[in-house]
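Novice: Before we start, here is the structure in question, set down as structure tokens.
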Amino acid sequence: MPGRTSRLDEAKVASRRLQVELGAELRNARLGQGLRQADVARVAGSSHAHVSRLERGVLAEAGLADLSWHGAVVGLRLRARFYPTGSGLRDEGQLDLLRRLRARIGDAFRWQLEAPINLPRDLRAFDALLRNDRATVAIEAITRLHDAQAQLRAATLKQRDSGIARLVIVIRASDANRRALSVAGDVLATTFPLGTKATLAALTSGRDPGDNGIVLL
């Protein structure tokens, strides 16, 4: 829970910062066009006080439509999108996969759940990080492969950016997931060459598997 709480706190700070930055952009654009707040309010159908709060970034209930409309009045176009950060809230299925993996491989590694990749301003984290004196292995748990290539690509990007040499994907052993893996066979052959048996054997003995692997549990 501390990891999730920390991310929520960071999100609140980032949201507040974004409000202030967008407000400053609205103000600068208005001044650049020689407009008063009252002029913007009249065209936007709002009030002078509302425009003032938007520009100061203190209007907590300001939505995207509100910001977009006021931006259009002063010649700005708002664009927004999400970027991948942390793994998000883990469901019980993911936690069950991690528990089952731990039961299978025993105590050969020290476990850290929700392990951040330790890049500035990057909230992404591995579901678990396994460490001992001989190896460090990142673990990602997936209960359902809805887009196998995209999900595996996101995991490998996280591995690349973290500098972790070894990545193991633990996937629930369902028929649907097996079919999805077969479709993504070209990606698996080069990026995740190790299968369940070889990967579990290495982890159980506390060894670096020697390559990335996929474990079906």
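Just so it is clear, none of the values below were taken in a lab; they were calculated from the coordinates. Every value quoted in this text rests on a predicted model; they were computed, and no experiment measured them. Positions of Cβ are backbone-derived with ideal geometry, glycine not excepted, and every protein chain shown enters the neighbour counts.
Novice: What does the extension gain come out to for Val43 and Arg99, with contour length at 0.36 nm per residue minus their alpha carbon separation?
Specialist: Values: separation 56, 0.36 × 56 = 20.16 nm, distance 5.84 nm.
Extra length available between Val43 and Arg99 comes to 14.3 nm.
Novice: Oh, and also: What is the sum of charges around Asp208, taking Lys and Arg as +1, Asp and Glu as -1, for the other residues whose C-beta is under 15 Å from the C-beta of Asp208? It would help to have the intermediate numbers written out before the result.
Specialist: Details: positive: Arg110, Arg131, Arg134, Arg166, Arg207; negative: Asp133, Asp211.
With Lys, Arg at +1 and Asp, Glu at -1, the neighbours total +3.
Novice: Rounded to whole Å, give me the distance from the Cα center of region 120-155 to that of region 21-85.
Specialist: Computed from Cα coordinates, the inter-centre distance equals 39 Å.
Novice: Place a point 7 Å from Cα of Asp147 in the direction of its Cβ. Which residues in region 170-192 have their backbone N less than 16 Å from it?
Specialist: 180-181, 184
Novice: Could you calculate the contour length gain from Ala80 to Asp66, that is, 0.36 nm times the residue separation minus the distance between their Cα atoms, to one decimal place in nm?
Specialist: Working: separation 14, 0.36 × 14 = 5.04 nm, distance 1.34 nm.
Roughly 3.7 nm would be gained on extension.
Novice: Give me the one-decimal nm value for the distance between modelled label points at Thr204 and Arg131, 7 Å along each residue's Cα-to-Cβ direction.
Specialist: Computed distance between label sites Thr204 and Arg131 equals 2.6 nm.
Novice: Can you compute the helix-only [θ] at 222 nm over the chain? Use -39500 (n - 2.57) per DSSP H run of at least 4 residues, normalise by all residues, nearest 500 deg cm²/dmol. Display every interim value, and only then the final one.
Specialist: Numbers: 9 runs with 112 residues, N = 217.
Roughly -16000 deg cm²/dmol at 222 nm, from the helical runs in the chain.
Novice: Ok, one more. Quick one: among Ala148, Ala80, Ala108, which has the greatest mean-square fluctuation in a GNM of the chain with alpha-carbon springs under 10 angstrom?
Specialist: Ala80
Novice: Looking only at the chain, where both bridge partners belong to it, what percent of the DSSP beta bridges are antiparallel (to the nearest 5)?
Specialist: Values: 10 of 21 bridges.
Bridges in the chain that DSSP calls antiparallel: roughly 50 percent.
Novice: Take Ser182 and Gln112, extend 7 Å from each Cα along the Cα→Cβ direction, and tell me the distance between the two endpoints in nm.
Specialist: Distance between the two pseudo-spin positions: 3.9 nm.
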